[in-house]
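Just so it is clear, none of the values below were taken in a lab; they were calculated from the coordinates. All values reported here derive from a predicted model rather than from experimental measurement. Cβ: placed from backbone, ideal geometry, glycine included. Neighbour counts: every protein chain shown.
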Amino acid sequence: MQWQVIVALAVVIPIILIPVLFVWYLNIGGVYSAIKARQAARAQRRKVKVAADAMQRAAIVVNEESAKS
């Protein structure tokens, strides 16, 4: 290969790869953001479920105590 071809490739390849890498970066960032949002939503649902279960158990205890009286 002639040196001009090597220099041309050395200049053109990074110019072509920069937009590709930027798009990959955006895609990976979007996937990461979606995963974090999903984990946060799951954690929130778990908190709500635990609170609802606790309230339900408390209501059952109150109803049982009311029935005994």
Positive-pole candidate from G30, A43, Q56, dipole of the chain, charges at beta carbon: Q56
Equivalent ellipsoid dimensions for the chain as semi-axes, Å, which come from the Cα gyration tensor, largest first: 66, 6, 4
Vicinal HN-Hα couplings computed from phi for region 48-58 (Karplus, 6.51 cos²θ - 1.76 cosθ + 1.60; Hz; Gly/Pro x): 5, 5, 4, 5, 5, 5, 5, 5, 5, 5, 5
Rounded to whole Hz, the Karplus (6.51, -1.76, 1.60) HN-Hα couplings of region 23-38, x for glycine and proline: 5, 4, 4, 5, 5, 5, x, x, 5, 4, 5, 5, 5, 4, 5, 5
Estimated dipole of the chain in Debye, rounded to 20 [Cβ of Lys and Arg +1, of Asp and Glu -1, Cα centre]: 240 debye
Inter-site label distance for V7 and A34 at 7 Å from Cα along Cβ, in nm: 4.5 nm
